[in-house]
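The values are calculated or read from the model by the stated rules, or taken from the named source; none is laboratory data. Predicted model, so just to flag it, every value in this text is computed and none were measured. Neighbour counts are summed over all protein chains in view; Cβ atoms, including those assigned to glycine, are modelled from backbone coordinates with ideal geometry. All accessible areas refer to the heavy atoms of the entire protein, side chains included, with ligands and DNA or RNA removed. Shrake-Rupley method; radii C 1.70, N 1.55, O 1.52, S 1.80 Å.
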Amino acid sequence: MMKAHRYLPLHLLTFFWFAQAVSLFGDRLNNFSLVALINRFAENPGMTLSKVYLAMYLPIFALAPMTGVLLDRLDKRWVLVVTDTLRGALVMFIPLLFVRTNSFLPIYGVVFLLAAGNLFFLPAKSGLVPELVPEEKLVKLNSTLWIAGIIGVIGGFLGGGIIFDYLSWSACFYLDGATYIVSSALLVSIALH
């Protein structure tokens, strides 16, 4: 017997849209903030940036084969909630770690963990989208999510420059962490549906 499918009502789709816009804003704010932090404080910015990108892409090779198997066994909605919560906490540790150590070494570890979180978040989101609406509304949902992504990306890069220049480098990371927490809070209502 087939299980009845419970699609999301409009208000929860709106939450999902906002969660994606906020989360992508945070992703781009994080990217901008890391580059700006390296540019301002690293003795050798080019090599430091290379190490950050190595830490960012290493999880793909080390963990990607396992994530698909794990995601098939987990509730995608809760994967989104947990990964955004963890990413929020991790990003908020960056200023503390940098100030305490005056080193980029612990930042590489945080970047690795953030990238590992993305390995769970992105496929879970992609796999969840077709479950949220009937097939005939899927193109419209994907289009609106694409718009949310563009808004988040542009806002994150523009906002990053303004926040970095007019507030502080650490404010960029705290705001970034907050965007993940807000996204997670919006996604909880979807996970509970």
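Quickly run through segment 159-193 and pick out the residues that are among the aromatic types (Phe, Trp, Tyr), under 26 Å from VAL82 (Cβ atoms) and open to solvent by 10 Å² or more (accessible area, probe 1.4 Å).
In the first step, residues of segment 159-193 are kept if they are among the aromatic types (Phe, Trp, Tyr); the result is 164, 166, 169, 173-174, 180.
Retained after the next criterion (residues that are under 26 Å from VAL82 (Cβ atoms)): 173-174, 180.
Selection gives TYR174 alone.
Looking only at residues that are in contact with a Pro (Cβ under 7 Å, 6 or more places away or on another chain) and in a helix (DSSP H, G or I) in segment 1-58, which one is least open to solvent (accessible area, probe 1.4 Å)? Lay out the reasoning, then the answer.
Quick first cut of segment 1-58, residues in contact with a Pro (Cβ under 7 Å, 6 or more places away or on another chain) only: 7, 38-39.
Next cut, in a helix (DSSP H, G or I) only: 38-39.
Details: ILE38: 5, ASN39: 114 Å².
Of everything passing the filter in segment 1-58, ILE38 is least open to solvent (accessible area, probe 1.4 Å).
Return the only residue of VAL111, VAL99 being at pLDDT 95 or above, surrounded by 13 or more Cβ atoms within 10 Å (Cβ to Cβ) and closer than 24 Å to ASP176 by Cα.
Numbers: VAL99 fails: surrounded by 13 or more Cβ atoms within 10 Å (Cβ to Cβ).
Going through VAL111, VAL99 in turn, the sole match is VAL111.
Answer yes or no as to whether ALA116 is closer than 21 Å to THR67 by Cβ and aliphatic (A, V, I, L, M). Before the answer, list the steps.
Details: closer than 21 Å to THR67 by Cβ: yes; aliphatic (A, V, I, L, M): yes.
Judged against the criteria, ALA116 is a match.
Filter segment 67-93 down to the residues that are of a type in the set (S, T, N, Q) and either open to solvent by less than 40 Å² (accessible area, probe 1.4 Å) or more than 23 Å from SER33 (Cα to Cα) (or both) and list them by number. Let's see the steps before the verdict.
Filtering segment 67-93 for residues of a type in the set (S, T, N, Q) gives 67, 83, 85.
Scanning segment 67-93 gives THR67, THR83.
Counting only residues that are among the aliphatic types (A, V, I, L, M) and free of Cβ contacts under 8 Å to residues at least 60 places away in the same chain, which one in segment 114-138 is surrounded by the most Cβ atoms within 10 Å (Cβ to Cβ)? It would help to see each step written out before you state the result.
The initial filter retains those residues of segment 114-138 that are among the aliphatic types (A, V, I, L, M), namely 114-116, 119, 122, 124, 128-129, 132-133, 138.
Now restrict to residues that are free of Cβ contacts under 8 Å to residues at least 60 places away in the same chain: 116, 122, 124, 128-129, 138.
Numbers: ALA116: 21, LEU122: 13, ALA124: 23, LEU128: 19, VAL129: 16, LEU138: 14.
Among them, the one singled out is ALA124.
Applying the selection to segment 139-157, what residues are touching a helix residue (DSSP H, G or I) at 6+ places or on another chain (Cβ under 7 Å) and either open to solvent by 40 Å² or more (accessible area, probe 1.4 Å) or over 22 Å from LEU10 (Cβ atoms) (or both)?
ASN142, THR144, ILE151, VAL153, GLY155, GLY156, PHE157
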